[in-house]
Amino acid sequence: MDYIALANLLFPDSTKTPEEIEKMFPERQLPKDACVTRIGPSPTGFVHLGNLYNAIIGERISHQSNGVFYLRIEDTDNKREVEGAVETLINAMNYFGVHFDEGAVADGDNGNYGPYRQRQRKEIYHVFAKQLTEMGLAYPCFLTAEEIDAIREEQTANKENPGIYGKYAEKSRSLTIEQIRENIENGMEWVLRFKGKETGEHICVDDAIRGKLEMPRNNMDFVLLKSDGIPTYHFAHVVDDHLMRSTHVVRGEEWISSLPMHYELFNTFGWKLPIYCHTATLMKIDNGGKRKLSKRKDPELALSYYQQEGISPDAIWEFLLTLLNSNYEEWRISNPDTSYLDFPYTIEKMNIAGALVDLDKLRDISKNVIGAMPAEKIYESWKEWCREYNTEYYDLLTKYPERTIAALNVGRNAKKPRKDLETWKQSCEFMSFYYDETLKICDEMPQECDEQTQKTFFTKYLETYDHNDDSNTWFEKVRAITDELGFAVRPKDYKNNPEQYKGSIVHITNMLRIALTGRANAPDIWEVSHVLGEEIVRGRISKFC
Ligand code: GLU
């Protein structure tokens, strides 16, 4: 067979040489150990936690080493593509604070190694596909879907590996150039296949996370280009990661089984293999057992879930870093005030057993993260979230910046600072009592405080209320009214002799707290009153007189 003639027949429009393409993507000029890596998500509209998990690894190893981190859109499967998906993806990464040095941006590309959308690189792939054809290592295959189904059935019946290889490849491999030309002229669809070798050999790849991976060498005639001329993931991955000069490929462990194909292609072209980092699948505990997170059952697999819940990006980073590096939590305890970006992240400390996504743990981390933020930062981040997800609160926060920041400071200087806020969504709920517009009386007044008691107490309270009192003077006044109303000033007295009192000061302060905030469980009354201001305090209390 004249392979040059075959290559010209298959790729008449491909005129550039591999050398010309190589020149367009020169070696990067970077410090010696700098890592160049990327994420290569498919624009399906669904951005999952795994995308962020892998992105954080890539971002850390590249930026810690003064390398390059880029975004490549792997849109070779147009059946799965969804309108607006690239934008959704870029927005999500941006929301979670993942910054790319180069790659696809909403309206094009940023960087010298593009295009960064694979469909726009068709001509580049064709140059290398043509090269493989010229070398006699790739051939067109005209098998129909029905013929492939029949082969699969035969293989299942014979308990053989599925795929096109060995005798199953013979029909296509043995076509003459005349037959190929005739098929093409008759409009028959074809794919380009790689010529696999049946050697019985093994390959060994050093995975940065898993150590040595030993696997049988590829013997498959796998597809390089699909019938629309677009490459498969396998071919695009090898060509792009070579040309874009990736030093590391961080991707999910589901790709390990296709590694022999990638290895074969890198070797065939004589290109250096990148360092593979196959990450563990995200799991959760369900019914006492561990299982993979599922798109159908687990909303927390979608990154949008964390955006909608208003989990702060810092909390997600902390959470994913605890999953990613076994020594992160220890480091965090010894470095409580340092940014997580100062943590010396290492691939070697990654676990391979499956990363456990535990939302309770995330909430705990999130409480601590918000607990450690200055009130101004909480205000800004929360407001930013509200802008998109809760416009009622966006308006409130914009209208009352000082009150909100003062409210966020309540209980924060105590020995054990309050950690009431978990997410921005829950903050809207928790903070609602600070605004008349959203105040709701959620709890019932204590039984001990009947309507008459309420009226008398609140009337006297307002009579004696002086907004300038310090918290001791204020409390003395509450005690005096409590006593006057026949309630025990000391809870212990009431406990020992309940028949002598109508109730205790605990019931009184609960009643007061409910009148002021709508709930029995709220921060310190005196502090809250000073956030609200005298007018609001008097307004709320007088409703009960
Ligand atoms: N497009 C692949 C995916 O979404 C990317 C794998 C890779 O990073 O190479 O899984």
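The values are calculated or read from the model by the stated rules, or taken from the named source; none is laboratory data. What you see is a predicted model; the values in this text were computed from it and never measured. Cβ sites come from the backbone with ideal geometry, for glycine too, and all protein chains shown count toward neighbours. Please note that ligands, DNA and RNA were not included when accessible areas were found on the heavy atoms of the full protein model with its side chains. Shrake-Rupley method; radii C 1.70, N 1.55, O 1.52, S 1.80 Å.
Give the carbon-plus-sulfur fraction of the accessible surface of the stretch 343-431 in %, rounded to a whole number; probe 1.4 Å, heavy atoms of protein chains only.
50
Would you kindly state how much longer the chain becomes between Trp255 and Ser471 on full extension, computed as 0.36 nm times their sequence separation minus their alpha carbon distance, in nm to one decimal? Can you show the working numbers first?
Values: separation 216, 0.36 × 216 = 77.76 nm, distance 6.33 nm.
Extra length from Trp255 to Ser471 when fully extended: 71.4 nm.
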Practice problem: Report the net charge of residues surrounding Glu153, where surrounding means a beta-carbon distance below 14 angstrom and charges are Lys +1, Arg +1, Asp -1, Glu -1. | Solution: -3
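Could you rank Trp474, Trp255, Trp190 by how accessible they are, 1.4 Å probe, largest area first? Could you put the intermediate results ahead of the total?
On the way: Trp474 25, Trp255 75, Trp190 55 Å².
So the residues, ranked largest to smallest area, are Trp255, Trp190, Trp474.
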Quiz item: Stretch Glu201-Arg28 to full length: gain in nm at 0.36 nm per residue minus the Cα-Cα span?
Solution: 58.9 nm
Quiz item: Among the lysines, which have Cα under 25 Å from the Cα of Lys297 when same-chain residues fewer than 8 positions away are ignored?
Solution: Lys79, Lys284, Lys361, Lys425
Practice problem: Using only alpha carbon pairs under 8 Å that are at least six residues apart, calculate the relative contact order of the stretch 246-356 and give it in whole percent. | Solution: 26
Practice problem: Please report how far the C-alpha centroid of the stretch 128-200 lies from that of the stretch 363-440, rounded to the nearest whole angstrom. | Solution: 62
Exercise. Work out how much length Glu402 to Tyr305 would gain on full extension: take 0.36 nm times their residue separation and subtract the Cα-Cα distance, in nm to one decimal.
Key: 31.9 nm
Practice problem: Pick out, from Asn327, Ile57, Gly103, the residue whose Cα sits farthest towards the positive end of the charge dipole of the chain, with +1 on the Cβ of Lys and Arg and -1 on the Cβ of Asp and Glu. | Solution: Asn327
Practice problem: Just grab the label-to-label distance for Glu330 and Ala353, each label 7 Å out from Cα along the Cβ direction, in nm (one decimal). | Solution: 1.6
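Using helices alone, what [θ] at 222 nm do you get for the chain, with -39,500 (n - 2.57) per DSSP H run of 4 or more residues, divided over all residues and rounded to the nearest 500?
Values: 24 runs with 250 residues, N = 545.
One gets -13500 deg cm²/dmol as the mean residue ellipticity at 222 nm.
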Quiz item: Under a 1.4 Å probe, what is the accessible area of the stretch 143-231 per residue, stated in Å²?
Solution: 59
Exercise. Provide the FRET efficiency to the nearest 0.05 for the Ala145-Glu123 pair, computing r from the beta carbons and using R0 = 41 Å.
Key: 0.90
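Can you order the peptides 308-318, 329-339 by their average number of other Cβ atoms within 10 Å per residue, highest first?
On the way: 308-318: 21.6, 329-339: 10.5.
Sorting 308-318, 329-339 by mean packing, highest first, produces 308-318, 329-339.
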Quiz item: If the cut-off is 29 Å between C-alpha atoms, which lysines fall inside it for Lys455, apart from same-chain ones fewer than 8 positions away?
Solution: Lys440, Lys477, Lys492, Lys495, Lys502, Lys543
Self-check item: Spacing of the two label points (7 Å from each Cα toward its C-beta) at Lys171 and Glu429, in nm
Solution: 6.1
Quiz item: Helix 375-389: angle to the longest alpha-carbon principal axis of the chain, degrees 0 to 90, nearest 10?
Solution: 60
Quiz item: How about Lys16: which aspartates and glutamates have a C-alpha closer than 13 Å to its C-alpha, ignoring those fewer than 8 places off in the same chain?
Solution: Glu123
Quiz prompt | Of Lys167/Lys295; Lys159/Lys197; Lys295/Lys377; Lys367/Lys415, pairs whose Cα-Cα distance is over 28 Å | solution = Lys167/Lys295; Lys295/Lys377
